[in-house]
Amino acid sequence: MLLYESTVVALVHTLAARPYIVNEHRFVLCQCLAMPDFLGLAMRILTIFFAVYIFITHLMPFHRLSLKERIRVLARLQNSRIAVCRDFVRFYQTLTLFSVASEKDWMQ
Amino acid sequence: MSCTKEIADIAVIGSGPGGALTAALLSEAGKKVVLIDKGPHLPLTSCEPFTIDEMTQKYSFGGITVAMGKPPVSYIEGSSVGGGSEVNSGLYHRTPENLVAKWVDEFQIKDLSYEDLVPIFNKNEEDLTISYVPAGNLPKASLKLHEGAHKLGWNSIEVPRWFKYESDGSGIKQSMTETFIPRALKNGAQLISDTQVNKISPHTDEWHLAGSKKNGTDSIPFELLAKKIFICAGAIATPVLLKRSGLSRLAGKKFHMHPSIKIVAKFPEQVNHFRMGVPVHQVKEFSPRYSMGCSISSPPYLSLAMMDVQGGQAIVDSHWSNMAIYYAMTTGGCGVINPLPLFKAPLVKFRFTASELNDILDAMVDLAKCLFAAGATEIYPSVQNSRQIKNMDEMVGLRHELEANQLNLMTIHLFSSCPMGENRKNTVVNSYGALHDHDGIYVNDSSIIPTALGVNPQGTVMALARRNVEYFLRGNK
């Protein structure tokens, strides 16, 4: 899998905070393709930049980090003073949350 | 049709409420009509309404569309055949009477008065079976808003819908794929779905339409010649097509929407259930400055609305049936739509004045007041870093803390990107939708509505569309 896809899958499963389920990352990747092309390109560039940054700072790709470490990385970005860092996580969090909530059995 | 140059009497681009009605009336009058839509032709029942499946199947750009600004405004448009009518709540309003007079004056619209529109409203209301929810089937969450307004002495109304109800209370939304599109097809119109028109250019006595048609995962070139064109692609796509074709400089220079802010309210009793349906009450006490309503409140939507609250998901998990989402809808702000070179999607920007932002905050505070009056024990405004609010003092405190970029605004009502009228300083089309300076091109969708309405716009879109088509069929340019 390419660096971009691997990073998105890892981001989704970190934000979903539950065991690996294919539907969530499939939905998020699908929406990333459907979104306005200039926004999609910007998100792809940001995601790759994020992946490379994590590789440089952790000497390991984001998707190979432990779940605990991935959660820590995202929490730091969510609390960052730089708006683009917060918006980056928020984008994936919104899609992941909607997907997870849609999969849930609410009748129970 | 997709690769050859056939000649149609009339090409209608876009099959939403404006386009579907236009195609139906023209084909019923014996015209050879080709109806083109960028989205797939799906039945109304292809997915559950207001779900993730609907988002992937029927929302433009997967529902991830945003007007850039401070704060940004997320917006949603329908993208399948039938357009917005396939994904909206189906709430119906006539055009506010006072607005029509204002438009005539400011935009110099000829032959338009509320009285002239009444018979047109009547025809559309009959065609769409405008009706009220049968007694006993009103959603509790909707009634709660009505109760709160009643306690405060505020004007609150039940809004009718384009819905055909059965005796058991169930019903079918009268979207375009259920009404005007079958009528158009029955009268010989040809529907070409999955086809995007990118450019219109003059070609001897006709107009040449060029674009692409989806063919599996690929796309093939699309071309068509038409004697006349009705562009009904929606408030965003219509001005983009006009601009890309070099047909109008004013198109998209200005547009309006209904920026809305949401509040989640939790009540001591159950107000929500799995098939709650569409809430129908709206508080009009402060209209046209702002109005309030109840929103779709399914658990996934509640989860999203509570995203900014610490521990929000746990609250939804355990209390969702006592919770519902409400909105305050304003009319302020002004935007601009520009095509981007090398990209398919346009850049949409929207800005507010300080006073318009104050209106949004005031609307949020009044909505909170109404919800507490209705018995809400806690509320959660949809703002970044939101928190639980238990009374009006806390709400007013939050209002004074908030900065513009913390507001999570959204809308599904977009219009006014190609206003109608004879005033050449602020209009793109004439009083009947004909494009200024070009023969044979008409705009007949939400773009031509001159200003923000303050009410759900589909009734106005369809009334103006019918008026303009009837004028066209009387042999006028």
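Listing for the model above:
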| read-out | value |
| --- | --- |
| Residues located in the range B:237-275, provided they are of a type in the set (A, V, I, L, M) and over 22 Å from the mean Cα position of the chain (by Cα) | B:LEU247, B:VAL264, B:ALA265, B:VAL271 |
| Qualifying residues in the range B:310-327 (those that are facing chain A (nearest Cβ under 10 Å) and either in contact (Cβ under 8 Å) with a residue 24 or more places away in the chain or within 18 Å of B:PHE372 (Cβ to Cβ) (or both)) - the one surrounded by the fewest Cβ atoms within 10 Å (Cβ to Cβ) | B:SER321 |
| Meets criteria (touching an Asp or Glu at 6+ places or on another chain (Cβ under 8 Å), within 26 Å of B:SER447 (Cβ to Cβ) and either within 12 Å of chain A (Cβ to nearest Cβ) or surrounded by fewer than 20 Cβ atoms within 10 Å (Cβ to Cβ) (or both)) for B:ALA345 | yes |
| Tally of residues being outside any helix (DSSP H, G or I) and more than 20 Å from B:TYR432 (Cα to Cα) across the range B:77-97 | 13 |
| Residues (surrounded by 16 or more Cβ atoms within 10 Å (Cβ to Cβ) and more than 25 Å from the chain's Cα centre (by Cα)) located in the range B:153-179 | B:TRP154 |
| Test: B:MET329 is within 29 Å of A:MET35 (Cβ to Cβ) and more than 21 Å from the chain's Cα centre (by Cα) | no |
| Matching residues in the range B:206-260 - criterion: being of a type in the set (S, T, N, Q), over 20 Å from B:LYS38 (Cα atoms) and either in contact with a Ser or Thr (Cβ under 6 Å, 6 or more places away or on another chain) or without any contact (Cβ under 8 Å) to a residue 24 or more places away in the chain (or both) | B:SER260 |
| Residues of the range A:94-108 that turn out to be more than 7 Å from chain B (Cβ to nearest Cβ) and either among the polar types (S, T, N, Q) or crowded, with 21+ Cβ neighbours inside 10 Å (or both), as a count | 4 |
| Count of the range B:117-151 residues which are polar (S, T, N, Q), farther than 14 Å from B:GLY293 by Cβ and in contact with a strand residue (DSSP E or B) (Cβ under 7 Å, 6 or more places away or on another chain) | 2 |
| Test: residue in the range B:301-309 that is crowded, with 21+ Cβ neighbours inside 10 Å and farther than 27 Å from B:GLY69 by Cβ | no |
| The range A:33-51, subset touching a residue at least 40 places away in the same chain (Cβ under 8 Å) and closer than 12 Å to A:PHE91 by Cβ, residue nearest to the other protein chains (Cβ to nearest Cβ) | A:MET43 |
| Helices (runs of 4 or more DSSP H) enclosed by the range B:98-186 - at least 2 residues per element that are over 30 Å from B:ALA11 (Cβ atoms) | B:114-127, B:140-152 |
| Yes/no for B:GLU48 being in a helix (DSSP H, G or I) and within 14 Å of another protein chain (Cβ to nearest Cβ) | no |
| Residue match in the range A:53-61 (condition: facing chain B (nearest Cβ under 9 Å) and either surrounded by fewer than 19 Cβ atoms within 10 Å (Cβ to Cβ) or assigned to a helix (DSSP H, G or I) (or both)) | no |
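Since every read-out is calculated from the coordinates, none of them should be taken as a lab result. Only a predicted model underlies this, so the values are computations on that prediction, with no experimental measurement involved. Cβ coordinates were reconstructed from backbone atoms using ideal geometry, including for glycine residues, and neighbour counts include every protein chain displayed.
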